[in-house]
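These notes concern the structure reproduced below.
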Amino acid sequence: MTRPEPARPKRTTRAFHRFTSSSTTLHSQPSHRRNSYMKSKQSPETGRDPTGTKILLTSLSAAVAETATFPIDLTKTRLQLHGESLSASRPTTAFRVAAEILRRQGPLGLYQGLSPAIIRHLFYTPIRIVGYETLRNAAGEGSGGALSLPGRALIGGISGVIAQVVASPADLVKVRMQADGRLLSQGIQPRYSGPFDAFSKIIQSEGMGGLWKGVVPNAQRAFLVNMGELACYDQAKRFIIRAHIAEDNIYTHTLASIMSGLSATALSCPADVVKTRMMNQYKAMYSSSYDCLVKTVQIEGLRALWKGFFPTWARLGPWQFVFWVSYERFRNLAGLSSF
């Protein structure tokens, strides 16, 4: 009498055991190994995060940050234009400028020029942030090598120049609409009724090239700002994590954004004053950015180049805090690696 053959285990059972064993093995590994395993699964073709997603997230984060800090930016612009080429002008402060705007125009006056500012950041911020990360990775960062601080600064400056040249027309409209608020407070009809009206009138009266008026000081400022901002944020964040001061979280992002804000403001404030005055002129007051620099120092003194330092830093600090915390969080939610 033959014995019945023992029943073979089902394929589904064997597959289940393989799945559970591999899952157990993965979860038993340290967290940094699990994270690297998951990152390797995100983009099997290139090993990089998708560029389109990063562009979308930078635009969203920039819009949030710009809206939150725009009143400070408006105050800074008005302060930099105060006393323009008028040696007898009475000195003022950021608090007086802001109080005057509220008294004459109300709370909505603090958002004069917000729409072109957001339009500008839809071009400017994605190009410089994604461009910096792309150039940084192309230079060998993350593949066994580490860039020096001067290398990060150079990449940050190049990314900023490219982004600013593209976004310069929107920046020009933003500056002029912010300056228009002064005319309105004096009972004078503003030059432009809105951003599209501004674009149209500038092209009609100054030609297509008029949209890029002040692009040279604009690009100079962008180089300095991004050299200080991106390189300092990147370097400070890595230092904080490697020194075990904090993990890669909101505390690290806050500390790094404060450091980068101070660095960017100190480097860029003189170029920012020149840029603002060059872009606001609708009569030939200055023949070049150098002419603007010389006349500003001759008439108002060397300290005039740092006019608006406090509101500039007061804006860059919160702007970078809101932007970097939002951007890092959005990247995390989207399954992307940290910046």
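Observations on the structure shown:
- Per the listing Asp272, Asp291, the residue uniquely closer than 23 Å to Lys307 by Cβ, of a type in the set (Asp, Glu) and surrounded by 15 or more Cβ atoms within 10 Å (Cβ to Cβ) is Asp272.
- Residues located in segment 289-320, provided they are in contact (Cβ under 8 Å) with a residue 60 or more places away in the chain, out of contact with any Phe, Trp or Tyr (no Cβ under 7 Å at 6 or more places or on another chain) and over 30 Å from Ala62 (Cβ atoms): Ile299, Glu300
- Unique residue being polar (S, T, N, Q) and touching a Gly at 6+ places or on another chain (Cβ under 8 Å) when the list is Gln320, Gln298: Gln320
- Any hit, segment 85-92, residues being of a type in the set (Ser, Thr, Tyr), modelled with pLDDT of 80 or more and either at positive phi or surrounded by 15 or more Cβ atoms within 10 Å (Cβ to Cβ) (or both): no
- Sole residue being within 15 Å of Ala231 (Cβ to Cβ), touching a strand residue (DSSP E or B) at 6+ places or on another chain (Cβ under 9 Å), at pLDDT 90 or above and surrounded by 19 or more Cβ atoms within 10 Å (Cβ to Cβ), chosen from Arg128, Arg152: Arg152
- Check on Leu122, modelled with pLDDT under 90, hydrophobic (A, V, I, L, M, F, W, C) and closer than 17 Å to Ser260 by Cβ: no
- For segment 173-185, the criterion of a residue being surrounded by 14 or more Cβ atoms within 10 Å (Cβ to Cβ), in contact with a strand residue (DSSP E or B) (Cβ under 7 Å, 6 or more places away or on another chain) and at pLDDT below 85 is satisfied by no position.
- If you filter segment 205-257 down to residues that are outside any helix (DSSP H, G or I) and in contact with a Ser or Thr (Cβ under 8 Å, 6 or more places away or on another chain), you find that the one that is surrounded by the fewest Cβ atoms within 10 Å (Cβ to Cβ) is Ile245.
- Some residue of segment 199-213 being at pLDDT 90 or above, touching a helix residue (DSSP H, G or I) at 6+ places or on another chain (Cβ under 8 Å) and not hydroxyl-bearing (Ser, Thr, Tyr): yes
- The one condition in (1) closer than 24 Å to Val165 by Cα; (2) polar (S, T, N, Q); (3) surrounded by 19 or more Cβ atoms within 10 Å (Cβ to Cβ) that Gln281 fails to fulfil: (3)
- When Phe339, Phe330 are checked against the criterion of being in a helix (DSSP H, G or I) and not hydroxyl-bearing (Ser, Thr, Tyr), Phe330 stands alone in meeting it.
- Close pairs (8 angstrom Cβ cut-off, 6 or more residues apart or separate chains): closer than 13 Å to Ser338 by Cβ in segment 237-251, in a loop (DSSP other than H, G, I, E, B) anywhere: Lys237/Asp248; Lys237/Phe339; Ile240/Ala246; Ile241/Glu247; Ile241/Asp248; Asp248/Ser338
The values are calculated or read from the model by the stated rules, or taken from the named source; none is laboratory data. Treat the numbers as computed from the prediction; the structure is a model and nothing was measured. Here Cβ is always computed from backbone atoms with ideal geometry, including for glycine, and neighbour counts include all displayed protein chains.
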